[in-house]
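Only one structure is covered here, and it is reproduced in the block below.
The values are calculated or read from the model by the stated rules, or taken from the named source; none is laboratory data. Remember, predicted model here, so these are calculated numbers, not experimental data. Cβ atoms come from the backbone with ideal geometry, glycine included; neighbour counts cover every protein chain shown.
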Amino acid sequence: MPRALTFTNLQDPETRKAAKKALAGKAGIYCIRRLKDGKCYVGSAVDLYDRMCKHLWQNGGLSNTHLQAAIAF
């Protein structure tokens, strides 16, 4: 049965480790929510952890300009 996972404070190394353990190699749908106003970015990925890394940390976090603008807001 699919389940929802929530990770906050993604700058924390322990949170990143937990996310990697839970998401690496798993496909699914994800939502990145901006806590300030509740707006969400929804996407899907074959490897959820790889996609999270690309969105947030790799290549300066420039994988999606709309998402990066929302994160920077």
Only one of ALA4, ALA22, ALA70 is modelled with pLDDT of 80 or more, of a type in the set (Gly, Ala, Ser) and in a helix (DSSP H, G or I), namely ALA22
Number of the condition not met by ARG33 [criteria: (1) at pLDDT 80 or above; (2) surrounded by 15 or more Cβ atoms within 10 Å (Cβ to Cβ); (3) under 11 Å from the mean Cα position of the chain (by Cα)] | (2)
Selected residue [at pLDDT 80 or above and polar (S, T, N, Q)] from SER63, SER44 | SER44
